[in-house]
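Structure first, commentary second.
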Amino acid sequence: LHLTEGNDEEDLEMASRFRSILSSMPFTLIHLTGDYPLVDYAIPARFVHVLMIVCANGMVGVAGGVLASGFTIELAAYRTKERNRTKAAKGKLNKVLGSWIRRFRWAKLSKDLKMQQETTLRRQARAQNEPPSMTTIKEALRKPAWRWAMATLIFVNAVAVVAESVPWCVKICGQAFFDYFELISVLMFTAEYLGWLYSAPVNRQFAMSRKVFIWSFFGMVDLMAIAPYWLQSTLWLCGYNVDLQIFRIFRVLCILQLEIFGDAFSLLLDTWHKCKDTMVASGLLALVVWLLGGVLFYEFENGNEALDGALDSVPGALHYTAVFLAGEWALSDFTPGGKCLCMFYCLCGIAVFAIPLGGLFEAFESSMSDRDSDISLKPPLRPLSTAAT
């Protein structure tokens, strides 16, 4: 690139960037990571870029790939070692304290089961004295027709929130249409929330308790979907004109109520429990790389007129550093110190910053493997005739 662009008389700015092999190296390394903040090259340089894309881009990613792969392999080995150590420790404990632990656990389990049974019986007895309307409302909310209607309303709400942000959609339909549709939707969601809240004492799903429903995941999602609208309406009636439109968009969260996301949330929760310690450690390392890089970019590039003041403050430098660590180089005309830091980021910094994501992927794969193994270990269902016999 120095040979093809260093003497480009038609573009003196590009010639200045590639005036020497040393000054060409940061830009070349940025291109080898797959990003092209500069594209106005002469024809000979474009052939060089084609050759780089075909043959050399993957080679630069080898360093980061080896680092991430090594981290993943070591993490998998660590998990296997921990499982074996835990299994061995359990074996020794079972030999030494097995009978005592079993008695203690059995006593505690029996006590907990007895308390749970007493609580359940007490709630069931109380539920029998509740008005029949609670059971009627619970059954109505569980009917397929109502569930399909609410699922359709949830999807239409998601579409309406998106369409309301598009000027030509508002011009065609009118703002009044979206306002009335929002009112109808909020009324429907509110009716469903109050229905579940009212019938909670006779609903085993919420342990026959309104408190359990209120603090459950779906109860919180329902409340977040309707509370901003009613809060804004209440403030308006009190004479306060407060725009809570940004919070009213939360009604899109109702899509989380769909049953199809149940297994997905469970899988993500298992993944988080597997990788939370690793995420904290590697996330701290990535945070150090980000903060240190942001401060160094500020120190090196403060006052650099070629960057139009983009890195003249630490917050601005941190913003662009996060962009750089994602592999996108929105700025490239650095000073010599900034170019050295840029090359370090291209070779190592981006890979280090991606380690937490690699740990998350490894934990997700481990959770999927555990779930598949659990399914394969389940005994096959016997035929109905055999079971009856």
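The values are calculated or read from the model by the stated rules, or taken from the named source; none is laboratory data. Because the structure is predicted, anything quoted here is derived from the model rather than measured. We place every Cβ from the backbone using ideal geometry, glycine too, and count neighbours over all the protein chains shown. The protein model used for the area step is the full one, side chains on, heavy atoms only, and it has no ligands, DNA or RNA in it. Shrake-Rupley method; radii C 1.70, N 1.55, O 1.52, S 1.80 Å.
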Mind running the shape call on region 324-368? Use the C-alpha gyration tensor, a ≥ b ≥ c as the square roots of the eigenvalues: rounded below 1.5 for a/c, prolate if a/b tops b/c, oblate otherwise.
prolate
Work out how much length GLU299 to ILE53 would gain on full extension: take 0.36 nm times their residue separation and subtract the Cα-Cα distance, in nm to one decimal.
85.3 nm
Peptides 23-33, 185-195: what's the order by average Cβ count within 10 Å, highest mean first?
23-33, 185-195
Please state the relative contact order of region 135-199 as a whole percent: Cα pairs under 8 Å, 6+ residues apart?
54
Given R₀ = 56 Å, what would the calculated FRET efficiency be for TYR78 paired with VAL156, taking r from the Cβ atoms and rounding to 0.05?
0.75
Quote the accessible area belonging to TYR240 in square angstrom, nearest 10, computed with a 1.4 Å probe and with ligands, DNA and RNA left uncounted.
140
Measuring from label point to label point, each 7 Å out along Cα→Cβ, what is the LEU284 to SER369 span in nm?
2.7
Subtracting the Cα-Cα distance of GLU328 and LEU187 from 0.36 nm times their residue separation yields 46.3 nm
Going by average Cβ neighbours within 10 Å, how do the peptides 296-302, 128-134, 281-287 rank, with the highest at the top?
296-302, 281-287, 128-134
Apply 1/(1 + (r/R0)^6) to the Cβ-Cβ distance of VAL39 and LYS114, taking R0 = 51 Å, and write down the FRET efficiency to the nearest 0.05.
0.10
Full extension from GLU13 to TRP215: what is 0.36 nm times the residue separation minus their Cα-Cα distance, to one decimal in nm?
66.6 nm
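Which of the peptides 6-13, 313-320 is most tightly packed, and how do the rest follow, judged by the mean count of other Cβ atoms within 10 Å per residue?
So the order, starting with the most tightly packed, is 313-320, 6-13.
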